[in-house]
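Asks: Have a look at this one.
The values are calculated or read from the model by the stated rules, or taken from the named source; none is laboratory data. Worth saying up front: this structure is predicted, and the values here are computed from it rather than measured. When we count neighbours, we look across all protein chains shown, and the Cβ atoms used for this are built from the backbone with ideal geometry, even at glycine. With ligands, DNA and RNA removed, areas are computed over all heavy atoms of the protein, side chains included. Shrake-Rupley method; radii C 1.70, N 1.55, O 1.52, S 1.80 Å.
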Amino acid sequence: MITFDRVSVVYDGADEPVLRDVNLVVDEGELCLVVGHTGVGKSTLLGAVNGLVPHFTGGTLYGAVTVDGRDTADHPPRELADVVGVVGQDPLDGFVTDTVEEELAYAMEQLAVPPAVMRKRVEETLDLLGLADLRHRALHELSGGQQQRVAIGSVLTAHPRVLVLDEPTSALDPTAAEEVLAAVTRLVHDLGVTVLLAEHRLERVVQYADRVIHLPGDGRVVSGPPSEIFTASSIAPPIVELGRAAGWSPLPLSVRDARRAARPLRTALEDTAPPPVRPEPDAPEAEVLRARGITVAYRGVPAVRAVDLGLRAGEITALMGRNGSGKSSLLWALQGSGPRTSGTVRVGRNGAGEPGPAKGGDPKSLSAAEARRLVGLVPQTPTDLLYLESVEQELDRADTESATGTGVTGPSARAILDRLAPGIDRATHPRDLSEGQKLALVLAIQLTAAPRVLLLDEPTRGLDYRAKTQLIAMVDELAAEGRSVVISTHDVEFAARAADRVVVLAEGDVVADGPTTEVIVASPVFAPQVAKILSPLPYLTVDQVRAVLPGTEADA
C-alpha cells in the first residue's frame, strides 16, 4: 500500500537530511506506530505519504514514495485526497466550516459523494466518535479534545484507504482516547484501512500497533514488531521501561500481559514501601490563592459550578477530568481574564509581609499588568501569546511590559529562558522553535512578571518523554521558589510524576481533591500504567520501582 524506495529529504539550509535512504513497505491493513524524539523527522515521514513533502513544505525529496500505486512526487495532496486522509497535530488548522456536522460533510462534498451516502456516513461517524450531541455546535465553542475528535471524524467520512494521524490523542482524556483508538483499530481490522500513527503518549497506543517505525534521530528508519523495536529503542512507554527494569522477556505491551508477568515482582515488592515520587514538605506552606463559589456559564449553560479551591505556595496541583469538564474555564476564571458568572478569587501579593490572600486582590478587578503579577496563565496553544518576529523581540517586550507602571525589576526574561531552556538563538522566529522551546519561551514571558500562581493548560501536548522530564524540572524549580503551580492535563503519567495534589473535575464540579497517590491510584481511568500493573501496591512510577528493586538502582 505504501512504499518508500531509498527516500531522503533535505530541507534548504540544513546540514544533514532529516530522512536518509529510507526503505520501507507498509502493507494494507497495518497499524504502524511512528516513534521518536521531537525533531527527528516523524512529521516529515508522515507528510511524504500524502505529498505534503515536498509539495508544500519545501526542501528536496530524493527517491520515490508510492501510495496505492501513485507516486507522490507526481501527485500533489489534492490528487491523493481520495486515498490518504490526514489529521494534523492542531485540529483548528484543518477546519474549514463552522459547525460539527458541516465539517464532517465537507471532505465528501469535495469528492462528489452522493448526498444520501453523505448523510449515512455523517451519522455513522457521529456515533463512532461520540459526537452526536455536538452535531450543531460551532467548532470554536468545542473543547480541545472535542475538536480533535471532529478532526478525525472529518477524515473518516471520506473512507480513505490510508489514514495518517499525527498525535491524534494529544488533546483527549483517557476514556476519549481509548474510544478513538478503538475506532481506528476497527477500521484496520474490519475495513483493511492502513494507518500510520505518530504519538508521544506511547502508553496509550503501543498495544494496538502491528508494527513500530522508529526514527533514532540520525535520518534512518528502523521498522519491526513492537516487542523487538522497544527492546533497545531510545524512547519507550512506562510499561516497557518497567519490563526492562524487571528483566521481562518478551516485553509485555498491554497491562493485562504485564500483570501476568509481574506476579513475582509484586511479591518481591510487597514488603517494601515505595519512596515518595516528590519530596514531602517539612511544614504546610501558606495559602496564596483562595477561590470561593467560582461559577462560569456560557449562554446559560454552566461549565464550572460553585467551585471552592485553595492553592498553597510550593505546591504543584494537577487539574484533571474528561474533555469538557470545565478545566480550561476554571483556569481562565482564576486568572481573571476569562468569564466568571459569580464567585471571588483572592491572591496574596508579592513581597515580604504579605503571605496570605487576605491582603491580596482579585485579578479580575485589577489592571492587566497588576493581574499578571498575581496569576500567570499559559494557554493550551502557547503560540497564541507569541506574535513578534524573533525570540529576542518577545523577551524584550516581556521585560518592558513587566516593568511598566510598577517600577519593579527582577530577573530578565532572557535570564529566565536561559535557566529553563538554555541555548535558544535570540534571532530564531518563535514559531520555528520546538514545542518544548515554545513552552519555555512563554513560561519565561509569564514569569518575568513574577506571579505567585502559575496556571498551565495542557502543557504536555506535543512533548515527548524527554521534554516532559525537562518540564517537570521547570515546575519543580518554580515550586521551590514558593510559587503555586496548577497544571491542567489529561496525561496521567505526567501527573503521577509531577504533581503533589490532584483535583478532578466532572461537569464543572470538584469530585476529588487530595494527594496524587490517593486520587489517581483509586481511579481506573486516571491511574498510570505502573499503578495498574503493580496494584494493590502503591507504586506510581518506574523510578520508584528502580529505587527499591535490587540491581536496578544504578540504571535509574
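Asks: Go through 438-444, 182-188, 419-425, 482-488 and give me the packing order, highest mean Cβ count within 10 Å leading. Walk me through the numbers before you get to the answer.
Replies: Working: 438-444: 25.1, 182-188: 16.7, 419-425: 14.7, 482-488: 23.3.
Order by mean packing, descending: 438-444, 482-488, 182-188, 419-425.
Asks: With the other protein chains left in place, how much accessible area per residue, in square angstrom, belongs to the chain at a 1.4 angstrom probe? Walk me through the numbers before you get to the answer.
Replies: Working: 23270 Å² over 556 residues.
Heavy-atom SASA per residue in the chain reads 42 Å².
Asks: Using label points projected 7 Å from each Cα along Cα→Cβ, tell me how many nm separate residue 232 and residue 469, to one decimal.
Replies: That separation, rounded to one decimal, is 2.0 nm.
Asks: Further question on the same structure: To the nearest 20 debye, what is the magnitude of the charge dipole of the chain about its Cα centre, counting +1 on the Cβ of each Lys and Arg and -1 on the Cβ of each Asp and Glu? Each step should come with its number before you reach the end.
Replies: Values: 53 positive and 76 negative charges, 261 e Å.
Roughly 1260 debye, rounded to the nearest 20.
Asks: Rank 54, 72, 415 by how far each Cα sits towards the positive end of the charge dipole of the chain (+1 on Lys, Arg Cβ; -1 on Asp, Glu Cβ) and give me just the farthest.
Replies: Highest projection toward the positive end goes to 415.
Asks: Could you calculate, for the range 169-289, the ratio of the Cα radius of gyration to the Kirkwood radius, expressed as Rg to Rh? If you can, show how the numbers build up before the last one.
Replies: On the way: Rg = 18.6 Å, Rh = 17.3 Å.
With Rh from the inverse mean 1/r over Cα pairs, Rg/Rh is 1.07.
Asks: Length gain on complete extension for the stretch residue 263 to residue 28, per 0.36 nm per residue less the alpha carbon to alpha carbon distance? Write out the running numbers ahead of the final one.
Replies: Working: separation 235, 0.36 × 235 = 84.60 nm, distance 3.78 nm.
Using 0.36 nm per residue and subtracting the Cα-Cα distance, I get 80.8 nm.
Asks: Right, another one. Would you mind checking which residues have amide H under 5 Å from residue 34's amide H? H placed 1.01 Å from N; only 5 or more apart, or other chain.
Replies: 197, 198, 199, 213
Asks: Something else now. Hey, what's the Cα Rg ratio for the chain versus the globular rule of thumb, 2.2 N^0.38 Å?
Replies: Working: Rg = 24.1 Å, N = 556, 2.2 N^0.38 = 24.3 Å.
That ratio works out to 0.99.
Asks: Next question. Among 316, 213, 395, which residue has its Cα positioned farthest towards the positive end of the charge dipole of the chain, with +1 placed on the Cβ of Lys and Arg, -1 on the Cβ of Asp and Glu, and the dipole taken about the Cα centre?
Replies: Final value for the positive-end residue is 316.
Asks: I've got another one for you. Which lysines, if any, have their Cα less than 23 Å from the Cα of residue 327, not counting same-chain residues under 8 positions apart?
Replies: 364, 438, 468
Asks: Can I ask one more? How many percent of the accessible area of the range 39-78 is carbon or sulfur, using a 1.4 Å probe? All intermediate terms of the calculation are to be shown ahead of the outcome.
Replies: On the way: 860 of 1710 Å².
Within the range 39-78, the accessible surface is 50 percent carbon and sulfur.
Asks: How much length, in nm to one decimal, is gained on full extension between residue 522 and residue 256, taken as 0.36 nm per residue of separation minus their Cα-Cα distance? Write out the running numbers ahead of the final one.
Replies: Values: separation 266, 0.36 × 266 = 95.76 nm, distance 1.81 nm.
Extra length available between residue 522 and residue 256 comes to 94.0 nm.
Asks: Let me ask something additional. Evaluate the charge dipole of the range 378-475 about its Cα centre and quote only its size in Debye, nearest 20, assuming +1 on the Cβ of each Lys and Arg and -1 on the Cβ of each Asp and Glu.
Replies: Details: 10 positive and 14 negative charges, 67 e Å.
Roughly 320 debye for the range 378-475.
Asks: Taking Cα pairs under 8 Å and at least six residues apart, what relative contact order does the chain come out at, in percent?
Replies: Numbers: 1116 pairs, mean separation 79.8, N = 556.
This gives 14 percent for the chain.
Asks: Could you order peptides 87-94, 262-269 by the average number of other Cβ atoms within 10 Å of their residues, highest first? If you can, show how the numbers build up before the last one.
Replies: Values: 87-94: 17.6, 262-269: 15.2.
Output ranking for 87-94, 262-269: 87-94, 262-269.
Asks: OK, next. Quick check: residue separation of residue 387 and residue 55 times 0.36 nm, minus the Cα distance between them. What number comes out in nm? Walk me through the intermediate numbers first.
Replies: On the way: separation 332, 0.36 × 332 = 119.52 nm, distance 2.67 nm.
That pair, residue 387 and residue 55, stretches by 116.8 nm at full extension.
Asks: Further, regarding this structure: Given the DSSP H assignment, sum -39500 (n - 2.57) over each helix run of at least 4 residues in the chain and divide by its residue total; what's the result at 222 nm in deg cm²/dmol, nearest 500? It would help to have the intermediate numbers written out before the result.
Replies: On the way: 21 runs with 189 residues, N = 556.
Value at 222 nm, helices only, nearest 500: -9500 deg cm²/dmol.
Asks: Give me the distance in nm between label points sitting 7 Å out from Cα along the Cα-to-Cβ direction at residue 431 and residue 342, one decimal.
Replies: So the label points at residue 431 and residue 342 sit 4.3 nm apart.
Asks: What spacing in nm lies between the two simple spin-label points modelled at residue 535 and residue 175, each 7 Å away from Cα in the Cβ direction?
Replies: So the label points at residue 535 and residue 175 sit 1.5 nm apart.
Asks: Quote the FRET efficiency, to the nearest 0.05, computed for residue 548 versus residue 109 with a Förster distance R0 of 56 Å and r equal to the Cβ-Cβ distance. List each step's numbers first, then the result.
Replies: Details: r = 59 Å, r/R0 = 1.06.
For residue 548 and residue 109, the calculated efficiency is 0.40.
Asks: From the C-alpha coordinates alone, can you work out the Kirkwood hydrodynamic radius of the range 455-526, in Å? Display every interim value, and only then the final one.
Replies: Working: mean 1/r = 0.0775 Å⁻¹.
It is 12.9 Å.
Asks: Here's a follow-up. So what is the relative contact order of the range 235-329, in percent, for Cα pairs below 8 Å that sit 6 or more residues apart?
Replies: Details: 78 pairs, mean separation 16.1, N = 95.
Computed over the range 235-329, the figure is 17 percent.
Asks: Tell me, what ³J(HN,Hα) does each residue in the range 314-325 have, in order and in whole Hz, if you take phi through Karplus 6.51 cos²θ - 1.76 cosθ + 1.60 with θ = phi - 60° and put x for Gly and Pro?
Replies: In residue order, the calculated couplings are x, 10, 10, 10, 9, 9, 10, x, 5, 4, x, 7 Hz.
Asks: Now a separate question. Counting only protein heavy atoms and a 1.4 Å probe, tell me what percentage of the range 426-556's accessible area is made up of carbon and sulfur. Provide the component values of the computation, followed by the final result.
Replies: Numbers: 2260 of 4480 Å².
Taking all protein chains in place, the range 426-556 shows 50 percent carbon and sulfur surface.
Asks: Quick one: if the Förster radius is 51 Å, what FRET efficiency do residue 14 and residue 370 give, using the C-beta to C-beta distance and rounding to 0.05? Present the calculation step by step, with values, prior to reporting the outcome.
Replies: Details: r = 45 Å, r/R0 = 0.89.
With a Förster radius of 51 Å, E is 0.65.
Asks: Now a separate question. Using R₀ = 35 Å, calculate the FRET efficiency as 1/(1 + (r/R₀)^6) where r is the Cβ-Cβ separation of residue 116 and residue 210; round to 0.05. If you can, show how the numbers build up before the last one.
Replies: Values: r = 35 Å, r/R0 = 0.99.
Rounded to the nearest 0.05, the efficiency is 0.50.
Asks: Now, a different point. Probe radius 1.4 Å, ligands and nucleic acids ignored: give me the carbon and sulfur share of the accessible area of the range 213-316 as a rounded percent.
Replies: Details: 2620 of 5330 Å².
Carbon and sulfur atoms account for 49 percent of the accessible area of the range 213-316.
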